[in-house]
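The values are calculated or read from the model by the stated rules, or taken from the named source; none is laboratory data. All of these numbers come straight from a predicted model, not from anything done at the bench. In this analysis, Cβ positions are derived from the backbone assuming ideal geometry, glycine residues included, and neighbour counts consider all displayed protein chains. Side chains included, ligands, DNA and RNA excluded: accessible areas come from the protein's heavy atoms. Shrake-Rupley method; radii C 1.70, N 1.55, O 1.52, S 1.80 Å.
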Amino acid sequence: MFKRDEGEDDRPARPIDWIAAMAAVMAPVGIVVSLLSDIGYGAASYGRLVGLRESSNQVLGLFMLLGLFCYVFDITRCGLPRPAKVVLGTLLLYAFLGAMLSMSFKYPSSPIIISLAHVPFLLGWCRKRLSWGVGVKQYYELVFGVCVAVCLATFSLWASWVGMEFFAGTNMWVEDTQVVLGGKLADVYATNDVNYTLCNYRSWDVLDLDTRVERLQDCKNGNLTLYLTWGSPLVASLTIGVCAIFCRLRILYIPDATSEGEARVERAKSAVQMVVMLFALLVMTLWLSASIAGASMSLSDTILGFSFAIFTVVILWAALTLDFSALGGDKSRVVKNIRSVSAQSWFLGAVIIPVFFPLLVFFALSFVTQSVRLCSGRAQGHRRMMTPVGSAVWDSLARKNWGKVLPWVCRWALLYFVMSVGVAKLTFIFLSWLNGELEELSFGLVALVFFLVGFSMFLIPVVPGIPVYVTGGIMLGARGQSEPSLGFAFGVSMGVICSYALKLAAVWTQQVIIGGMLGSHVTVRRFVGVDKVAVRAMEQILLEPGLTRAKVGILCGGPDWPTSVMTGILGLSPAQMLLGTTPCIILVVPCVLSGAFMLKQAEGGAWVPLIGVMAMVASFSQASAGLYAFYSFQKVANENYDALAAPRPEHRDVEELAAKMKVQEQTYDDVTHWDNVPILPKLILATAAGVMMASCFLSAMAGSLCWRPFDLGPATEITSKSKVEDPIELGGLGGSALNIVRPLGWVLVAMFGVGSVTWWMFNVWAGRATQRRLKGIKPGAPS
């Protein structure tokens, strides 16, 4: 339709390009605002969608059978012309989307997700069909401008609708608004034989516990639909804002090129760098989701799921739009680093955990498809048990040294378990109990105890700062509220001051005392890699005087204990590190406010959504700082690699220790090479990794079945000192911390225990086998 002219590439954007991009972004957002929110016909739309509930299971089952049939029987290999394949693929896609829409009574967010998911696909279509002649950087700048404009316009419209009289009165999240909107959503509530009057939690005080539990279950989806109908324009605005951030990052990563061949290489390199950066975002998300779980469990799960969704979309974008074959002959430092990292055992161990079970499904389908091809004579000379793609993936995995990869699988699984259970569960239970125990003390004593306990928790490596700040808002806000001479605002202000002072004191202690002590040991300095390019790149950024964005990003966006202790090991200036940490007040304030607002949630109104908003602001602040730090770190490492890799006199003792340990480490690597490991240790290690991966998968996909919901909010029962003592039916733990574990959770803990023990058994065998080898004795069976 659009013939490409010579020399037209890299032309500036035309008005038609702007119009097309604007339409691609505005159309899905317009659907959300007009059809899925109360600004338009949201209540009527949800009412019609829940009418499909009777046929939802049949529609979903039919789609799954149709998709499986097309995949297994190779419909695309049946000689269909390309347009027919496109039509068939489109029909399958929208059959799936239709099935998801029919399940909206169960998953109220699915219509919003489906609508907004069209944005990147429509932009891709516009790029391919209308704007193919626009330069890559110019097109991303165009989309960035469009996304910023739509984001701000959508948010302004929603904010005006919420707060201005122009729309037939204000629509603040208050009881009057909820009652009116609840009446409009009568059909949605009726799916569980309830109405908004019954689901209004303000009327539940007179109900017994059993009725409350039953009512909560019946009203869950209706109340969620109520909130989404009110706030879906805000969700759309934030989603488009994320698209704008992605485009801005893409612009930063695309360097100028002098030729088409060089441009292809640079685009591919920059895309891989973005994928690596977003992988770092996933790791950071584990930390953030565990950190804010006490403020909002649902928001914690949402952030984690949202990050995985973003990463998946970026992977699809990279796979579909970029020519990675251009990297084949490139010898640049960036490509060398990427290849080096992708071959590392720690990287493969991190990747294999989330893809393991989908990979099993892929191998099973590949086997069935190949069996059908062999039986029907369409194997085209390929006689193996799986399809060519499945066989290639299997062969690639078979060449890996699993003796080094599987221990890293166990290490990453251990980290996930510690963060998702140790931090996200036990830390909040302790802080909630402490809050109840301090209820009767004076304001000054509460502030002192909070400072001392918070300071002690900062000395624990895995404990992040966010739950401590949230607790400060609850403790000091509650004490100020209970003393009329002080007031709620004073308590919250003191919570901010104490939390900020606590952070700075902890940074100094972690750096000067802990880091300084550890830095005096050459084994520790070698373990953290002070002579490696990555650590030296971070050191170069931190050595910059004053407040630079990259320096602030590392000190404020990185994990609390590891970052501060590393600065001490490197021997950096404590005054400069404290100066670089001072902007963390931007993180401290929303965390304290999130905790303080929990004290007001019983009053309803805007307090309830403000808890999640403050937690989201805190998460966004730390994630933004961390992402910019990672971007700066990549840039410094790639641009100064040779200088950073050169030997340094101050690291001579580390290099000498590495030389002494080289023989022992090479021997260990040889002993644990998968081809050299006897069958019994192989089974032990495979069992350890398999069980620990299964426990991670169970915790991530069925967390609500394993753990009871719990947050740092105040007690809801008058007789309870803390939320730990609240009845389980009201979100408490019934007086016992162990009640947070559901029956399936104990199974998960047992699985993780079995995996840990078998991993320890393999490590014992490997250590003894290495010592025997070093003594000249051939290793045999595990002892």
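Does G124 fit the bill of being closer than 22 Å to V29 by Cα and free of Cβ contacts under 8 Å to residues at least 12 places away in the same chain? Answer is no for this residue.
Looking only at residues of segment 106-127 that are over 18 Å from V242 (Cα atoms) and open to solvent by less than 30 Å² (accessible area, probe 1.4 Å), we find that the one that is farthest from the chain's Cα centre (by Cα) is C126.
All conditions but one from (1) assigned to a helix (DSSP H, G or I); (2) open to solvent by 30 Å² or more (accessible area, probe 1.4 Å) apply to P647; the one that does not is (1). Against the condition surrounded by fewer than 19 Cβ atoms within 10 Å (Cβ to Cβ) and either in contact (Cβ under 8 Å) with a residue 60 or more places away in the chain or part of a loop (DSSP other than H, G, I, E, B) (or both), how does K400 come out, does it pass? Yes. Consider segment 128-165 and keep the residues that are without any contact (Cβ under 8 Å) to a residue 24 or more places away in the chain and either outside any helix (DSSP H, G or I) or of a type in the set (K, R) (or both). The one that is least open to solvent (accessible area, probe 1.4 Å) is M164. For segment 377-387, filtered to residues that are open to solvent by less than 60 Å² (accessible area, probe 1.4 Å) and not β-branched (V, I, T), the residue that is modelled with the lowest pLDDT is A379.
Tell me the residue from G473, G487 that is crowded, with 18+ Cβ neighbours inside 10 Å and at pLDDT below 90, please. None of the other options fit; the residue is G473.
In a residue-by-residue description of segment 422-436, the property of being in a helix (DSSP H, G or I) and closer than 30 Å to G767 by Cα applies to at least one position. Taken over segment 166-208, residues that are closer than 12 Å to L226 by Cα, modelled with pLDDT of 80 or more and not in a helix (DSSP H, G or I) amount to 2. Kindly check whether there is at least one residue in segment 625-633 that is without any contact (Cβ under 8 Å) to a residue 40 or more places away in the chain and either assigned to a helix (DSSP H, G or I) or surrounded by fewer than 17 Cβ atoms within 10 Å (Cβ to Cβ) (or both). The answer is no; no qualifying residue exists. Selection over segment 539-567 of residues that are more than 25 Å from C591 (Cβ to Cβ) and touching a residue at least 40 places away in the same chain (Cβ under 8 Å) gives a count of 2. Would a scan of segment 460-467 turn up a residue that is surrounded by fewer than 16 Cβ atoms within 10 Å (Cβ to Cβ) and out of contact with any Ser or Thr (no Cβ under 6 Å at 6 or more places or on another chain)? Within segment 460-467 (the criterion being surrounded by fewer than 16 Cβ atoms within 10 Å (Cβ to Cβ) and out of contact with any Ser or Thr (no Cβ under 6 Å at 6 or more places or on another chain)), the answer is yes, since at least one residue qualifies. Residues that are among the β-branched types (V, I, T) and at pLDDT below 85: does segment 93-112 have at least one? Checking segment 93-112: not a single residue is among the β-branched types (V, I, T) and at pLDDT below 85. Apart from one condition, I718 fits all of (1) surrounded by fewer than 19 Cβ atoms within 10 Å (Cβ to Cβ); (2) modelled with pLDDT under 80; (3) under 21 Å from E214 (Cα atoms); the exception is (3). Of the helices (runs of 4 or more DSSP H) that lie entirely inside segment 511-582, those containing 3 or more residues that are open to solvent by less than 20 Å² (accessible area, probe 1.4 Å), under 21 Å from P464 (Cα atoms) and at pLDDT 90 or above span 560-569, 574-581.
Residue-by-condition table, conditions (1) in contact (Cβ under 8 Å) with a residue 60 or more places away in the chain; (2) buried (at least 16 other Cβ atoms within 10 Å of the Cβ); (3) touching a helix residue (DSSP H, G or I) at 6+ places or on another chain (Cβ under 6 Å); (4) outside any loop (DSSP other than H, G, I, E, B):
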position	(1), (2), (3), (4)
P354	no, yes, no, yes
F367	no, no, no, yes
D395	no, no, no, yes
M419	yes, yes, yes, yes
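Determine, yes or no, whether A447 is open to solvent by less than 20 Å² (accessible area, probe 1.4 Å), over 30 Å from S695 (Cα atoms) and modelled with pLDDT of 85 or more. Yes: the conditions hold for A447.
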